[in-house]
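Student: Can you keep this structure in mind? I'll have questions shortly.
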Amino acid sequence: MEAPQKTVIVGAGPVGSLAALYAAQRGHQVEVYELRPDLRNPGIVPLNFTKSINLAVSERGIHALRLAGHPTLLKSIMDATIPMRGRMIHGRSPTRALYEHSQDYDAKGRAIYAIDRSGLNSRLLDVLDSMPNVKLFFNHKLTGADFNACRAWFEARDQVASPNDRFREIEIGFDLMIGADGAHSAVRYHIMKFSRMDYQQEYIDTLWCEFQLGPRETASQDDPWAKFQISPNHLHIWPGKDFMFIAIPSEDGSFTCTLFLPSRQFAELENDPCTLPAFFNQHFPGVTDLIPSESLISSFQENPHLPLISLRCRPYHHGSSGIIIGDAAHAMVPFYGQGMNAGMEDVRILFSVLDKHVDVSENHLNDKGNAAVMLPISRAKALAEYSAVREPDAHAINELALQNYVEMRSSVLSKRYRLRKFLEEYMSTNLPSLGWHTKYSRVSFSNEPYADIVRQSDHQGRVLLWSFVGLLASPFAVTGLALACRHRRTLMSGLYSLLGMNAARSG
Ligand code: FAD
């Protein structure tokens, strides 16, 4: 019997681990190589993050987990999530009173889910550990790859305690290498030597830093929600026009918070961190009531101030031997909460394309006599198809993520944004046959290709604009407008209450 396909995954982050599971389920002989130590060991901090980072997982990530072919994986992961049904916008009214205003993500009440990135990653690694055809190699750094000869080289560290530990070089062979090694991908770098890959990267002028908002200290044990200082079912945003502060809930009652700020302002605060509480009081009202000033200052001083990269490239593959997925292929700014979701969707789509190119008659029998080993008759064809299918969608979500920064930090407060959201949600609920949905709900609650969503949303925008122009041009509208001008004040307050714009609460 022919040996099963050897699939080497580089990077054991969420995307690489899921890709390993998909390959293992298809009977491949899977080897996963990860630069860092096993994050399941106590004290191991994932690259570029602090102790823990909470992410929003939504339909695309969930769907990819659902199709991974493991009976309990999805449930065990979702059991440790917290649903977030909307944004909670925090601010100060003209009378200086604190307010919070909830904006649901979806007219049908669907939610995105806060998840601990390390928990998700650990669960995937546990599943891989239990599979006989998967080998995990931690402390292994890819240093070279020849995609024509299908050979790769790794630096293997014997010990992990200090960066000066000795390492040895190992050489391996592979049939297919899947690069899921993040934004600074070594696999991408080596594929570029073999394929005419176009590549473009951009750092936006914003840095980010993490803070912790602790649980309520005097919470009653009987009420599971009492431990949260602010609503656990929202992604909290303090919009600041050119910057913002956000908070995502964790199961223990705390929130992982992130400050996004232009680099110049970061530098000013770095010069004098004692001004941080005053800065927060001015721009993010109420935060210093939730996070003590000392904790704000120490987090700012101790946690890294990290850049945000957005990158696009094409194609994603070389011949039949190499492919990149996840952040390695399309790292994006985090403002649509889609980076990991899109990476997991890459895995689902990649394997569905590979499956399509399998010649069923060539399937091999595994140890139990089941047809489990799938050998693509033309893997090169499948990889080329994947690159062609995925490129427009990856580019579209990259662009949407950049645009959503403006939406999160300032548009959420604008009347135009809220009017469009209201109208699209109204159409979605009351005229479902028209198939109208907001862009956000299509991105977060469906598996529609991202590029189709952009086209559909642009179309909806044009229809709304022309309907509005048509309405204004009608004779009734002219009379109505004259009346509206006379009774502007009364009408405006009616319209505001219709759109929920006075939902802000003092307190
Ligand atoms: P990574 O998580 O970067 O994993 C790559 C792995 O490869 C790492 O373990 C690394 O050690 C390893 N590696 C690197 N080089 C080598 C090498 N040479 N040899 C071997 N191994 C190597 N996404 C969402 O979906 N929702 C969110 O809410 C969200 N919020 C975010 C908030 C912030 C502040 C940031 C920065 C990102 C956020 N993201 C979010 C994006 C998300 O974190 C990434 O898209 C996701 O982690 C990408 O997963 P990955 O497995 O492709 O890459």
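The values are calculated or read from the model by the stated rules, or taken from the named source; none is laboratory data. Predicted model, so just to flag it, every value in this text is computed and none were measured. Using ideal geometry, Cβ is built from the backbone for each residue, glycine included, and neighbour counts are taken over all protein chains shown. SASA here: full protein model, heavy atoms, side chains in, ligands and nucleic acids out. Shrake-Rupley method; radii C 1.70, N 1.55, O 1.52, S 1.80 Å.
Student: Residue check: is R314 more than 16 Å from the ligand (Cβ to nearest atom) and modelled with pLDDT of 95 or more?
Tutor: yes
Student: Right, another one. Look at D222 and say whether it is open to solvent by 70 Å² or more (accessible area, probe 1.4 Å), within 30 Å of C313 (Cα to Cα), over 19 Å from the mean Cα position of the chain (by Cα) and at pLDDT below 95.
Tutor: no
Student: In region 71-115, what count of residues is obtained for those that are under 30 Å from P37 (Cβ atoms), in contact with a strand residue (DSSP E or B) (Cβ under 6 Å, 6 or more places away or on another chain) and of a type outside the set (S, T, Y)?
Tutor: Qualifying residue count, region 71-115: 3.
Student: Hey, could you check region 225-234 for residues that are open to solvent by less than 30 Å² (accessible area, probe 1.4 Å) and in contact with a strand residue (DSSP E or B) (Cβ under 8 Å, 6 or more places away or on another chain) and say which is nearest to the ligand (Cβ to nearest atom)?
Tutor: H234
Student: Let me ask something else about it. Within region 297-319, is even one residue open to solvent by less than 10 Å² (accessible area, probe 1.4 Å), touching a strand residue (DSSP E or B) at 6+ places or on another chain (Cβ under 8 Å) and in a helix (DSSP H, G or I)?
Tutor: Yes, there is a match, as at least one residue in region 297-319 is open to solvent by less than 10 Å² (accessible area, probe 1.4 Å), touching a strand residue (DSSP E or B) at 6+ places or on another chain (Cβ under 8 Å) and in a helix (DSSP H, G or I).
Student: Further, regarding this structure: Is it the case that I112 is in contact with an Asp or Glu (Cβ under 8 Å, 6 or more places away or on another chain) and not basic (K, R)?
Tutor: When the stated conditions are applied, I112 does not pass them.
Student: Taking the stated definitions as given, is T95 modelled with pLDDT under 90 and surrounded by fewer than 19 Cβ atoms within 10 Å (Cβ to Cβ)?
Tutor: yes
Student: Collect the residues in region 425-458 that are in a loop (DSSP other than H, G, I, E, B) and not acidic (D, E), keeping them in residue-number order.
Tutor: Within region 425-458, L431, G435, W436, H437, T438, S446, N447, P449 meet the criteria.
Student: Let me ask another. Any idea how many residues of region 184-196 are under 12 Å from L311 (Cβ atoms) and open to solvent by 20 Å² or more (accessible area, probe 1.4 Å)?
Tutor: Count: 1.
Student: Here is a list: G173, G182. Which entry is away from the ligand (no atom under 12 Å from the Cβ) and touching a residue at least 24 places away in the same chain (Cβ under 8 Å)?
Tutor: On inspection, the qualifying residue turns out to be G173.
Student: Go through region 225-240 and give me each residue that's at pLDDT 85 or above and of a type outside the set (A, V, I, L, M).
Tutor: Residues satisfying the conditions are K227, F228, Q229, S231, P232, N233, H234, H236, W238, P239, G240.
Student: Let me spell it out: the conditions are (1) surrounded by 16 or more Cβ atoms within 10 Å (Cβ to Cβ); (2) in contact with an Asp or Glu (Cβ under 7 Å, 6 or more places away or on another chain), and F211 meets all of them except one. Which number is the exception?
Tutor: The single condition F211 does not satisfy is (2).
Student: A further question follows. Being of a type in the set (A, V, I, L, M) and open to solvent by less than 50 Å² (accessible area, probe 1.4 Å) is the filter; apply it to region 407-462 and report the residue that is farthest from the chain's Cα centre (by Cα).
Tutor: The residue in question is M427.
Student: Residues D116, D146, D106, D175: which one is charged (D, E, K, R), touching a Ser or Thr at 6+ places or on another chain (Cβ under 7 Å), under 29 Å from K193 (Cβ atoms) and open to solvent by less than 70 Å² (accessible area, probe 1.4 Å)?
Tutor: Answer to the selection: D175.
Student: Which strands (runs of 3 or more DSSP E) does region 98-199 wholly contain that include 2 or more residues that are of a type in the set (D, E)?
Tutor: Once the strands (runs of 3 or more DSSP E) in region 98-199 are filtered for at least 2 residues that are of a type in the set (D, E), what remains is 98-104, 167-173.
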